[in-house]
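Report on the structure given below.
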Amino acid sequence: MTIFHWILLAGFVICLLSCLYHFFMALPAGKDIDYATPDAKTRQAVVYSFTKAMSPKKKETAFMHLPTYTAGIFYHLGTFLSLFLVIFIFFNVSFPTWLAYSIIVFLAFTSICGLSILIKRMTSSLLKNLSNPDDYFSNILVTGFQIITAIYLLLNTGLEYYFIITTILFLYLPIGKLRHTIYFFTARLHLGIFYGRRGTWPVKK
Amino acid sequence: MAGEKVIIMAKNNSLTEKQKKALKLLKSRLNGRLLTHLNSCVHCGLCGESCHYYLATKNKNFIPGKKVDIVSSIYQRYHTLAGKVAPRLYGAKDFNDKTVEELIDIVFGACSMCGRCSVHCSIGVDVPYIVRTARSMLVEMELVSPGLQSTVDAAINTGNNMGIPRDEFVDTLEWLSEDLEMEVEDEDASIPLDKKGVDILYTLNPREPKFFPLSISAIAKIYYAAKENWTLSTNVYDVTNYAYFSGDDKGAKELTERLCDEMSKLEAKTLVLAECGHGYRAIRWEGPNWIERPYPFKVISVVELIGDYIRSCRIKLDPSLNKLPVTLHDPCNMVRGGGVIEVQRFVIKNAVENFIEMMPNRANNFCCGGGGGQLAMSEYAERRIKSGKIKADQIRKTGAKIVATPCHNCIDQLMELNKEYQLGVEIKTIGELVADALVLEEKSN
């Protein structure tokens, strides 16, 4: 283990602990008690909230903005894949050439998706009005993480740079906009509970 | 005016006592749900098309994400380390005169808390929950829109939001009772007042006795046909709770407690709510949380009750008595926020010959623009009518001649839209449609 391995490990532990803190603070408890008699069981609605309610067919934010929605989906897939690859790169596990090249091509594509979202944020007056520096920085950081993952897989060099970028990502994740990694799940949970108790979700027709 | 009050507040960055009170309230509300929704928005900006305000005005500040952002930015500034250390990086804003003014305009003037954006949000941010929290902060600062505040005050001080004196209310009901007796040709028919030990205590929207008493007649006729054991209270009858809209939890609690006390006093079994979207949501779903205990009685909407009457054959309807094509406007607080979605369709289909669904509908329906207390805030009237164009276009596309809706606030807004956008439709409550289709049994001696 090099010093960079230790730095990355420390960054990961800090990230994990911070995320767990955010997660448990955001779970329903204490002051969230709802005294109104529920109309329906919430379990089905919570499942619905994470599944059918997320379907592009159900969401205007998806079907009315298909290019952005699709780019967003691939961008997130690229992020998840890159995060998953951290384990393999950390333990110096090598991939078969065909697999490595497949991943590189995929990450190149997802990085382009990330960049397209960044360009949209920089050029759309609606998004510029809504954005703060954190929105731009978060995108650059995550896109950079995907790019450097692809570069490392391609060249098999520059591990220290890869570890530094990944450590920055881990340390920044619980602070800025990227914390939606955690809050996305609690938001879907809370919304599922809210609409489930009232019988609005799951939609029956 | 709210704007004038803003100016007399501190003109520097130090917080005034009122601002401190507002921030203290925000802190006290930070449970898992609020923390989640204040931290979730990713500023994707895709929510604009879900909001009737943005669609009608194309004002960039009216997209739901922006509404969340202003509240979230205040939260970030005072309740997160990142916002305290690097406010510019995270868009954290000082809670100053400018922010307060912007907050008032957005949360009171550009949101009806309809919740349509939340259903379509790519994350699932509960926008109306955040907006109402912001309104509660403005309650602490005594910066609620004057019209809305006076409606809340009237309800608390006089027992109903229109300040109708009790004698006038009783006179109206006695007249309606006599009218019912003549209409059904039965001297035993009546509108029972303050009767104890009933199955149902029925509530009203004060606009009914004040301006539209025929909707009371319609429901009284349905109760008569169903042989219901019911009553109206002459002291506590107001189904509305504008404190829900203003964000005033103390006021909302007071109004809820009064209904609970009246139920107990009259020993009624079920509280039946008149056709009122926010009234349904406030009493059925929010009320128990304001009083911090479950109700010891059942609460249902009169539309649900009518549905039960039809299913159990307690009333008979002849749809051919309503020949004109009818469409339905789904009130946001009753449908999306209340879960009453299908029963009004069942009732209408049994009461009319030709029912046409409005598109989109149910939980995807657009707000008419009258929700969120907008009808009480005259300073935003022009914006309200403009935002209602989305609803007007929806109505026009159906080709219906009658728009039915189980909400008196929606009716008021739809009547204005009808005039402004020359829709040429008639606006009715569901009770009125049902009353028109009622087939009364001949009384046997």
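The values are calculated or read from the model by the stated rules, or taken from the named source; none is laboratory data. Computed from a predicted structure; not experimentally measured. Don't worry about glycine lacking a Cβ; one is built from the backbone with ideal geometry, like all the others, and counts go over all protein chains shown. SASA here: full protein model, heavy atoms, side chains in, ligands and nucleic acids out. Shrake-Rupley method; radii C 1.70, N 1.55, O 1.52, S 1.80 Å.
Could you check the simple spin-label distance between residue A:1 and residue B:234, using points 7 Å along Cα→Cβ, in nm with one decimal?
Between residue A:1 and residue B:234, the simple spin-label model gives 8.2 nm.
Could you calculate the FRET efficiency of residue B:324 with residue A:66 from 1/(1 + (r/R0)^6), where r is the beta carbon distance between them and R0 is 30 Å, rounded to 0.05? It would help to have the intermediate numbers written out before the result.
Working: r = 40 Å, r/R0 = 1.32.
Working from the Cβ atoms, E equals 0.15.
Which of B:439, B:263, B:40 sits closest to the plus end of the dipole of chain B, meaning its Cα is farthest towards the positive end, when Lys and Arg get +1 and Asp and Glu get -1 on the C-beta?
Farthest towards the positive pole: B:40.
Distance between the C-alpha centers of the range A:155-179 and the range B:310-368? Whole Å please.
55
Can you give the longest run of chain B that contains no GluC sites (Glu not before Pro) sitting in a DSSP loop with at most 10 other Cβ atoms inside 10 Å?
Numbers: sites that count: B:185, B:187, B:292, B:441, B:442.
The longest uninterrupted stretch comes out as B:1-184.
Chain B: longest stretch without exposed chymotrypsin sites (Phe, Trp or Tyr not before Pro) (DSSP loop, at most 15 other Cβ within 10 Å), sites themselves excluded?
On the way: sites that count: B:211, B:297.
The reported range is B:1-210.
Using Cα atoms only, what is the angle between the long axis of helix A:97-123 and the major principal axis of chain A, expressed in degrees (0 to 90) to the nearest 10?
Between the helix axis and the principal axis of chain A, the angle is about 60 degrees.
When the dipole is taken about the Cα centre of the range A:38-198, and only Lys, Arg (+1) and Asp, Glu (-1) are charged at their Cβ, what size is it in debye, to the nearest 20?
Values: 14 positive and 5 negative charges, 175 e Å.
Its charge dipole is roughly 840 debye.
Leaving ligands, DNA and RNA out of it, report the carbon-plus-sulfur percent of the accessible area of the range A:1-133 at a 1.4 Å probe. Working shown, then result.
Details: 6030 of 8000 Å².
Of all accessible area on the range A:1-133, carbon and sulfur atoms account for 75 percent.
Quick one: Karplus J couplings for the range B:187-197, per residue in order, coefficients 6.51, -1.76, 1.60, θ = phi - 60°, nearest Hz, x for Gly and Pro?
5, 8, 6, 7, 9, x, 10, 6, 7, 8, x
Under 5 Å between amide H atoms, partner at least 5 residues away or on a different chain: which partners does residue B:301 have, H built in plane at 1.01 Å?
Long-range HN contacts for residue B:301: B:273.
Please get the size of the charge dipole for chain B, origin at its Cα centre, with Cβ charges of +1 on Lys and Arg and -1 on Asp and Glu, quoted in debye to the nearest 20. Show your work: numbers first, answer last.
Values: 56 positive and 58 negative charges, 572 e Å.
Dipole magnitude for chain B comes out near 2740 debye.
Under a 5 Å amide H to amide H cut-off, with H placed in plane at 1.01 Å, what residues pair with residue B:212 once short-range neighbours are removed?
Counting only residues 5 or more places away or on other chains, the set is empty.
Of B:96, B:128, B:143, which is farthest on the positive side of the dipole of the range B:59-182, counting Cα position, with +1 on Lys and Arg Cβ, -1 on Asp and Glu Cβ, and the Cα centre as origin?
Farthest along the dipole direction, towards plus: B:96.
Using the charge dipole of chain B (Lys, Arg: +1 at Cβ; Asp, Glu: -1 at Cβ; taken about the Cα centre), state which of B:289, B:15, B:240 has its Cα farthest towards the positive end.
My answer, from the dipole projection, is B:15.
If you line up the long axis of helix A:133-155 against the longest principal axis of chain A, both from Cα atoms, how many degrees apart are they, to the nearest 10?
Roughly 50 degrees between the two axes.
Between the range A:113-135 and the range B:150-167, what's the alpha-carbon centroid distance in Å?
A separation of 49 Å, based on Cα centres.
What is the local net charge at residue B:298, summed over the other residues whose Cβ is closer than 13 Å to its Cβ (Lys, Arg +1; Asp, Glu -1)?
Numbers: positive: B:269, B:284; negative: A:39, B:199, B:304, B:308.
That works out to -2.
How far apart, in nanometres, would the label points at residue A:17 and residue A:136 be if each is projected 7 angstrom from Cα along the Cα-to-Cβ direction?
Computed distance between label sites residue A:17 and residue A:136 equals 3.3 nm.
For the range A:98-181, what class follows from the C-alpha gyration tensor (a ≥ b ≥ c being the square roots of its eigenvalues): rounded when a/c is under 1.5, otherwise prolate if a/b is larger than b/c, else oblate?
Values: a/c = 2.84, a/b = 1.55, b/c = 1.83.
Cα axes put the range A:98-181 in the oblate bin.
Restrict the search to the range A:11-105; then list the trypsin sites (Lys or Arg not before Pro) that DSSP places in a loop and that have at most 13 other Cβ atoms within 10 Å of their Cβ.
Working: sites: A:31, A:41, A:43, A:52, A:57, A:58, A:59; in loops: A:41, A:57, A:58, A:59.
For trypsin sites (Lys or Arg not before Pro) across the range A:11-105 that sit outside H, G, I, E and B with at most 13 neighbouring Cβ atoms in 10 Å, the list reads A:41, A:57.
Quick one: Cα centre-to-centre distance for the range B:92-118 and the range B:371-445, in angstrom?
The range B:92-118 and the range B:371-445 have Cα centres separated by 28 Å.
Summing +1 for each Lys or Arg and -1 for each Asp or Glu, what net charge is found among the other residues whose Cβ lies under 9 Å from the Cβ of residue B:42? Present the calculation step by step, with values, prior to reporting the outcome.
Values: positive: A:177; negative: A:135.
Spelling it out: positives minus negatives among the neighbours equals 0.
In a shell of Cβ-Cβ distance under 11 Å around residue B:354, excluding residue B:354 itself, what net charge do Lys and Arg (+1) and Asp and Glu (-1) give? Write out the running numbers ahead of the final one.
Details: positive: B:323, B:349, B:401; negative: B:353.
Residues close to residue B:354 contribute a combined charge of +2.
From other protein chains only, count the Cβ atoms within 10 Å of every residue's Cβ in B:108-119, then give the mean. Could you put the intermediate results ahead of the total?
Working: counts 0, 0, 0, 0, 0, 0, 0, 4, 1, 2, 4, 10.
So the per-residue partner count for this stretch is 2.
State to the nearest 20 debye the size of the charge dipole of the range B:2-143 about its Cα centre, where the only charges are +1 on K and R beta carbons and -1 on D and E beta carbons. Spell out each step's value before the answer.
Working: 21 positive and 12 negative charges, 63 e Å.
Once rounded to the nearest 20, the dipole reads 300 debye.
By DSSP, what percent of the beta bridges with both residues in the protein assembly as shown are antiparallel, rounded to the nearest 5?
Working: 2 of 22 bridges.
Bridges in the protein assembly as shown that DSSP calls antiparallel: roughly 10 percent.
Report, to the nearest 10°, how far helix A:180-198 tilts away from the longest principal axis of the Cα atoms in chain A, using its own Cα long axis and a range of 0 to 90°.
Computed tilt is about 10 degrees.
Semi-axes of the equivalent ellipsoid for chain B, please: Cα gyration tensor eigenvalues, times 5, square-rooted, ordered largest first, whole Å. Write out the running numbers ahead of the final one.
Details: eigenvalues 326, 119, 65 Å².
After scaling each eigenvalue by five and taking roots: 40, 24, 18 Å.
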